[in-house]
1. Classify region 42-88 from the C-alpha gyration tensor, please: rounded if a/c falls under 1.5, else prolate or oblate depending on whether a/b exceeds b/c.
2. Quick one: which of 215-225, 75-85, 361-371 comes out on top by average Cβ neighbours within 10 Å, and what's the full order, highest first?
3. Quick one: order 344, 59 by neighbouring beta-carbon count within 10 Å, fewest to most.
4. Classify region 55-141 as rounded, prolate or oblate, taking a ≥ b ≥ c as the square roots of the eigenvalues of its Cα gyration tensor: rounded when a/c is under 1.5, otherwise prolate if a/b is larger than b/c and oblate if not.
5. How would region 1-77 be classified by its alpha-carbon gyration tensor: rounded, prolate or oblate, with rounded meaning a/c under 1.5 and the a/b versus b/c comparison settling the rest?
6. Please give the peptides 305-313, 325-333, 62-70, 38-46 ranked by average Cβ packing (other Cβ atoms within 10 Å per residue), highest first, as a rough proxy for protection.
7. Roughly how many nanometres apart are two label points built 7 Å out from the Cα toward the Cβ at residue 322 and residue 22?
8. Taking other Cβ within 10 Å of each residue's Cβ, how do 351, 213 sort, fewest first?
């Protein structure tokens, strides 16, 4: 059985061909993959999911980022803001499968409803297809029988003939679209980063803090843009060994308020993206490369640079232009005044109480308050 490939996933071209070729090496004997969908999820970093008769596979390229046997999944919940589903394994922390197109969402949601409650069997794919059609077109889909815990589903005519006897109540009308804001998906103009780089990005992320732009080169480094800062990860094995960084990667963070410019210095074929800051004394912007002199990559060891050839830069340009606009807005925003330390607030309150009680005169209260505020 050839797996069905969603339209969103087909857009990946040669990448989906590589994934299909790698699938047999991931499957157990008797296991069949029947659907490949597209996702854009950061934790775990993934770009596709695979539905098999035995498992849910979350994929990063051709590699399995996470997997769960259907019988180990306790349930799922919708994530409207991220247009995804949260999967709840029985003995693990829940995880999200985000930014799903409607067909992929219906396919995954149907699988999470059908397979965890049934014994593994290829015949269950028929019931999955019916439930998926119902989710895609709730007004017109045929009635579905309720699932009994642990019940096996057969495709024999005898069993199918009994199915219409179950409840045939019409489905409720589809809910009206909500106006809830949709979180911006992460953009990967050069494709997702490798596992080591993804781990470095996660290590520099907080809870709910995901980059909206990731420019990941094949071997030179990665740029990750967050809401208020920019992260450059350089692959430098020698430097990484000396500094003790895992995997030979060094990370440098640049707050938006410190960035004065993002420049691309182009050579004959390649170039370097340079992050300029107020205290940056680099002369790289004055360097002119040619085919007969040093290349841009030779001059890009600084942590504030990312080698990009011209094709990579052109593909990343829409995201980089948006990054420049966000940096400009951040630098023109008026910072909120710093909150007074809790200890000072407490002392001012005590002074006010003493003054109200008559222990301090007006002059003493004013003088004490002035001294406190001068500290």
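A short reminder: the numbers here are calculations on the coordinates, not readings from a lab. Keep in mind that what you see is a predicted model, and the values were worked out from it rather than measured. Cβ placement follows ideal geometry from the backbone for every residue including glycine, while neighbour counts extend to all protein chains displayed.
1. Judged from the Cα gyration tensor, region 42-88 comes out oblate (a/c at least 1.5, b/c at or above a/b).
2. Highest to lowest by the protection proxy: 215-225, 75-85, 361-371.
3. Placing the least packed residue first, the sequence is 344, 59.
4. It is oblate, given that a/c is not under 1.5 and a/b is not larger than b/c.
5. On the way: a/c = 1.64, a/b = 1.16, b/c = 1.42.
Oblate, because a/c is 1.5 or more while a/b does not exceed b/c.
6. By packing density, highest mean first, the sequence is 38-46, 305-313, 62-70, 325-333.
7. Result for the modelled spin labels: 2.6 nm.
8. 351, 213
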